[in-house]
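What follows draws every value from the coordinates through simple rules; no lab data is involved. Worth saying up front: this structure is predicted, and the values here are computed from it rather than measured. Cβ atoms come from the backbone with ideal geometry, glycine included; neighbour counts cover every protein chain shown.
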Amino acid sequence: MKFHLLLTAACLALFLQACNHPPSKKQVLAPAPKPKPDTATTATAAVQRDSSISIAAVGDMMLGTSYPNNYTLPPDSAKNSFNVIAGELRNADVTFGNLEGSLLDGGSPAHYKLHQRSKAYLFRMPTAYAGVFKDAGFNVLSLANNHIGDFGDTGRMSTTRVLDSIGINYGGLLSHPSTVFERNGIKYGFCAFAPNANTLPILDLKNATRIISELKQRCDIVIVSFHGGGEGVDYEHVPFAMESFISEKRGDVHAFAHNAIDAGADIILGNGPHVNRAMEVYKNRLIAYSLGNFCTYKSVSVAGVCGLAPLLKVKLNKKGEFLNGRIISLRQAHDKGLELDSLNRAAIRIRELTEADFPGAGLLISDAGEISLNPVIQSESL
């Protein structure tokens, strides 16, 4: 009995001691530590962000002409030409367009051009307009077209000098066929072709192969542009044959594009017809057969389908393979310039042309302009 009383007293003493002396700070349970981020998931997300490159591309650009007078120049000196879409143009690693005409202050038309064309179709933009392209985000331009020679060697030399002075890359002239530049650690090669004098010839596939393959040996990504095919509403479809317009051979653009990819090109950006054409994936590389007109003040028709002005935004992996893309639809009118098109008519028209001309193109284009690979066709091609 005495033992049990002693045990009870000892237990009571321990209990009172615990009540009078709370545990030390070391004994207090710390809050549960926050879970560490999944480093594998974080690394994967970083790789996904860094594993693709972005290209923005448009078709023909001509911000008015000072010939024969300033009536066909925009009243704001072209400063607001791209305002409605400048954010999207700037948000890309590479932003491309076709410069349809020369950057030149004054000067006379090339003699043969003056006799071949009416004065309304001789394009000469003031050299100050180069800054408009720069501010809008363009960092590479094609000079391979039928208007870069409207003012002869004087116009070509002035254009290249001005572009050099503001750091815009370019290619497509016999005197400057290609360019190599670096963006965000990726080395790009660019070249452009056309059926016109003093430009890289679109008709010479062997020479095109040589130029493109040499660029591929030096660069991570090779971008190729061409100015080819007939012009106007009768030339929306790719004919899979040599095209002629006003007795001039304008190239077999399908054969040219496939040859270019076989030689090492990673993306093909077509222009020239002044209307949109279909798109295709060949060897996992995207071909846009024509991006139509984009910003062509006054002297180029923008009636009907000629006024559909797409901005193509593309994601490629670092091998140059097409991942996905988007067509942002705009329209242009001579009195309003570029406007976003809520009806997405450019994207829908390109989809219609793609389905008609390349039913096995391997692409899906949504009403909103989202471009993705068709998994059914891709699996069949494996």
Note on segment 53-379: contact order normalised by length, alpha-carbon pairs under 8 Å, 6 or more apart, percent, works out to 16
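Residues with beta-carbon under 10 Å from that of residue 189, excluding residue 189: net charge, scoring Lys, Arg +1 and Asp, Glu -1? Could the numbers behind the result be given before it?
Working: positive: 187, 216, 218; negative: 214, 220, 266.
Neighbourhood net charge equals 0.
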Residue-ordered couplings for segment 214-221, obtained by feeding phi - 60° into the Karplus form 6.51 cos²θ - 1.76 cosθ + 1.60 and rounding to whole Hz (Gly and Pro as x), are 5, 5, 5, 5, 9, 10, 7, 10
Residues whose modelled amide H sits under 5 Å from the amide H of residue 323, counting only those 5 or more places away in sequence or on another chain, are 315, 316, 317
Given unit charges at Cβ for Lys, Arg (+) and Asp, Glu (-), the dipole magnitude of segment 121-240 about its Cα centre in debye, nearest 20, is 420
Among beta bridges assigned by DSSP with both residues in segment 53-379, the antiparallel ones amount in percent, to the nearest 5, to 55
The relative contact order of segment 269-382, taking Cα pairs under 8 Å that sit 6 or more residues apart, comes to a percentage of 23
Toy charge model, Lys and Arg Cβ at +1, Asp and Glu Cβ at -1: segment 53-379 dipole around Cα centroid in debye, rounded to 20, equals 520
Listed with the fewest Cβ neighbours within 10 Å leading, 84, 162 appear as 84, 162
Taking a straight Cα-to-Cα line shorter than 18 Å from residue 216, and setting aside same-chain aspartates and glutamates fewer than 8 residues away, one finds 182, 262, 266, 321
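Kindly rank 231-238, 166-173 from highest to lowest mean number of other beta carbons found within 10 Å of each residue. Display every interim value, and only then the final one.
Working: 231-238: 17.1, 166-173: 20.0.
Ranked from most to least packed, the peptides come out as 166-173, 231-238.
Which number do you get for Rg(Cα) / (2.2 N^0.38 Å) in segment 53-379?
0.90
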Computed over segment 63-204, the convex hull of the Cα set has an average projected area, in nm², of 8.8
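Suppose a student asked you for the relative contact order of segment 136-183, using Cα pairs under 8 Å spaced at least 6 residues apart; what percent would you report?
Numbers: 36 pairs, mean separation 19.9, N = 48.
Contact order relative to length: 41 percent.
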Treating only Lys and Arg (+1) and Asp and Glu (-1) as charged, each at its beta carbon, one finds that segment 292-373 has a dipole about its Cα centre, in Debye to the nearest 20, of 320
